[in-house]
Amino acid sequence: MQNLLHLFENNKKWAEDILREDPDFFQKLSKQQNPEYLWIGCSDSRVPANEIVGLLPGEIFVHRNIANVVVHTDLNCLSVIQYAVEVLKVKHIIVCGHYGCGGIKAALTNDDHGIIDNWLRHIKDVYRLYKNQIDAADDFVAKADLLCELNVVEQVLNVCQTTMVQNAWKRQQELAVHGWIYSIANGIIKDLNVKVTGQADEYGAPSFPTP
Ligand code: CO
């Protein structure tokens, strides 16, 4: 079995590096967390939330799953949103997808991937909504990239329609929901300009420009 000692050594060095900058860092952090942001991103190992936006422990609350999907019956994701909005009172919820997402690519095929196909069903639903637009794209890569973006847009909408976010806006809590996409190829995040800050119609659906 592979020895994981190197991870413990990395950890010790990491903690020492932080303490060199701020000797009270962990002491202060152990008393409370006060993040301004909730990040909902993909589990992909190439998209680590803290690192790509340059934030330290304590500065961003994170939920990750395959293909950054927000499902209204997913107690895990809903609990994270509730805690972030109602207890931590984050000011921003960021749904961040990424180009080249394996979950998105898998959802564009009809191959059998096992249990994950039930999860990817949510992304296939996004494809169904935008089928004409996606089918018009040049090749598989372009189709997948477009679906990566449109999936973010739909998940922003899903975040906005959760009871926690709707209720936060009803009580005038300051809260914005953003849709971003990250490029694994160059490390740069693009804002998809679908920010929602609270205006909802009678169905609880916010309006924003689709990309
Ligand atoms: Co992914």
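Observations on the structure shown:
- Projected label points at Asp138 and Trp14, each 7 Å from Cα along the beta carbon direction, are separated by 3.9 nanometres.
- Here Arg171 sits with roughly 120 square angstrom of accessible surface, probe radius 1.4 Å.
- Electrostatic dipole magnitude of the stretch 134-200 [Cβ: Lys, Arg +1; Asp, Glu -1; Cα centre; debye, to 20]: 460 debye
- Count of Lys pairs (Cα-Cα under 19 Å; at least 8 positions apart or interchain) in the chain: 13
- Here Asp112 sits with roughly 140 square angstrom of accessible surface, probe radius 1.4 Å.
- The antiparallel fraction among DSSP beta bridges confined to the chain stands at about 20%.
- With every protein chain in place and a 1.4 angstrom probe, the accessible-area ranking of Ser183, Ser45, largest first, reads Ser45, Ser183.
- Cα-based shape type of the chain, given that a ≥ b ≥ c are square roots of the gyration tensor eigenvalues and the cut on a/c is 1.5: oblate
- Computed helical MRE - 222 nm, the chain, DSSP H runs ≥ 4 contributing -39500 (n - 2.57), nearest 500: -12500 deg cm²/dmol
- Debye, to nearest 20: dipole size of the chain, +1 on Lys, Arg Cβ, -1 on Asp, Glu Cβ: 360 debye
- Once the Cα-Cα distance is subtracted from the 0.36 nm per residue extended length, the Gln27 to Gln82 segment shows a gain of 17.1 nm.
- Which of Val70, Asn10, Tyr83, positive extreme of dipole for the chain (C-beta unit charges): Tyr83
- Compared with the direct C-alpha span, the chain from His72 to Ser183 gains 37.2 nm at full extension, assuming 0.36 nm per residue.
- Taking the longest Cα principal axis of the chain as reference, the axis of helix 116-129 is set at about 50 degrees.
- With R₀ fixed at 35 Å, the C-beta to C-beta distance from Leu55 to His6 puts the FRET efficiency at about 0.90.
- Length released on extending from Lys195 to Arg171, taking residue separation times 0.36 nm less the Cα-Cα span: 6.7 nm
The values are calculated or read from the model by the stated rules, or taken from the named source; none is laboratory data. Just so it is clear, the structure is predicted and the values come from calculations on it, not from any experiment. Every residue, glycine as well, gets a Cβ built from its backbone with ideal geometry; the counts of neighbours run over all protein chains shown. Calculation scope for accessible area: heavy atoms of the full protein, side chains included, ligands and nucleic acids excluded. Shrake-Rupley method; radii C 1.70, N 1.55, O 1.52, S 1.80 Å.
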